[in-house]
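**Student:** After the structure tokens below, expect a handful of questions from me.
The values are calculated or read from the model by the stated rules, or taken from the named source; none is laboratory data. All figures in this text were calculated on a predicted structure; none of them were measured in a lab. Cβ sites come from the backbone with ideal geometry, for glycine too, and all protein chains shown count toward neighbours. Protein only, heavy atoms only, side chains kept; ligands, DNA and RNA dropped before computing areas. Shrake-Rupley method; radii C 1.70, N 1.55, O 1.52, S 1.80 Å.
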Amino acid sequence: MASFPYTVVLFYGAEKALSTTKTQKFGTMGETPDGRTFRYGQANACFEFGSLLDGTSPSTQAALDMAVTSAAPIGADHIQVVSAGSLAINADAAVDGFLYVNDGTGQGQLFRVRTHASIATTGATTGTNVYFHPNDTVRVALATSSLVGLTANRYASVAAASAVAAATARTRKIVGVSVSDALASRFCWVQTGG
């Protein structure tokens, strides 16, 4: 098993960098020499320096109790699923998030999502493969009676809290503070401590 540091060293000023290209996994931790901590994310709307930021919305009903459409053996690096709701799930909506087995054979397993195509709605004749990050494989085989869910990474779609909802109606969690102005769809660092 390889051992790699889980924190990216951010030299002064690097925490303010914005990009149109994703360079880290969502949620990657970064730290500046003075000990301030950050998480890597993506803006889903424009926000200003110093804004409180909300994370990704909770999973939709479509991402809960999804059917496994093909048995997954021990060692599989993906699971084939179909949405449980009437809404399809967009391609890579759960990238760097998690797929979890919440009922049936293999219950309790959790996998980090690497990629997936659009996931079809209930009634689709074929499922969609949800692929896991390397070395994250099925440990207990799954059957077609197993049910799974998807949850997006909380840093995959950050927005200014004031643009989301008043504190009394909040459904999203505050995940940090912006350290630069950002345009929608830009990748950025979100300050979480220090």
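**Student:** Restricting to region 27-46, count the residues that are out of contact with any helix residue (DSSP H, G or I) (no Cβ under 7 Å at 6 or more places or on another chain), of a type in the set (A, V, I, L, M, F, W, C) and either in a strand (DSSP E or B) or free of Cβ contacts under 8 Å to residues at least 24 places away in the same chain (or both).
**Tutor:** Of the residues in that region, 2 qualify.
**Student:** Now for a separate question. VAL113 passes all but one of (1) touching a residue at least 40 places away in the same chain (Cβ under 8 Å); (2) in a strand (DSSP E or B); which number fails?
**Tutor:** Among (1) touching a residue at least 40 places away in the same chain (Cβ under 8 Å); (2) in a strand (DSSP E or B), the lone unmet condition for VAL113 is (1).
**Student:** Among residues belonging to region 57-71 that are under 20 Å from the mean Cα position of the chain (by Cα), among the hydroxyl-bearing types (Ser, Thr, Tyr) and open to solvent by less than 70 Å² (accessible area, probe 1.4 Å), point out the one that is modelled with the lowest pLDDT.
**Tutor:** Across region 57-71, the extreme among qualifying residues is SER59.
**Student:** Show me the strands (runs of 3 or more DSSP E) entirely contained within region 61-103 in which 2 or more residues are touching a Phe, Trp or Tyr at 6+ places or on another chain (Cβ under 8 Å).
**Tutor:** Filter on region 61-103 gives 78-82, 98-103.
**Student:** Here is a list of conditions, (1) under 24 Å from SER185 (Cα atoms); (2) within 18 Å of the chain's Cα centre (by Cα); (3) open to solvent by less than 60 Å² (accessible area, probe 1.4 Å), and GLY50 meets all of them except one; can you say which number that is?
**Tutor:** (2)
**Student:** Please indicate, with yes or no, whether at least one residue in region 51-59 is of a type in the set (Asp, Glu), within 26 Å of GLY176 (Cα to Cα) and either in contact (Cβ under 8 Å) with a residue 40 or more places away in the chain or touching a Leu at 6+ places or on another chain (Cβ under 7 Å) (or both).
**Tutor:** Looking for residues that are of a type in the set (Asp, Glu), within 26 Å of GLY176 (Cα to Cα) and either in contact (Cβ under 8 Å) with a residue 40 or more places away in the chain or touching a Leu at 6+ places or on another chain (Cβ under 7 Å) (or both), one finds at least one in region 51-59, hence yes.
**Student:** Return the residues of region 122-167 that are outside any strand (DSSP E or B), at pLDDT 95 or above and among the hydrophobic types (A, V, I, L, M, F, W, C); say none if nothing qualifies.
**Tutor:** Once the filter is applied, which keeps residues that are outside any strand (DSSP E or B), at pLDDT 95 or above and among the hydrophobic types (A, V, I, L, M, F, W, C), region 122-167 yields VAL138, VAL140, ALA141, ALA143.
**Student:** List the residue pairs whose Cβ atoms are under 7 Å apart, where the first residue sits in region 62-74 and is over 16 Å from ALA94 (Cα atoms) and touching a residue at least 12 places away in the same chain (Cβ under 8 Å), the second is crowded, with 16+ Cβ neighbours inside 10 Å and among the small types (Gly, Ala, Ser), and the two are 6 or more positions apart or on different chains.
**Tutor:** ALA67/ALA84; VAL68/SER146; THR69/GLY127; SER70/GLY127
**Student:** Let me ask something else. I'd like the full set of residues that are among the polar types (S, T, N, Q) and open to solvent by 40 Å² or more (accessible area, probe 1.4 Å), limited to region 6-41.
**Tutor:** THR7, THR20, THR21, THR23, GLN24
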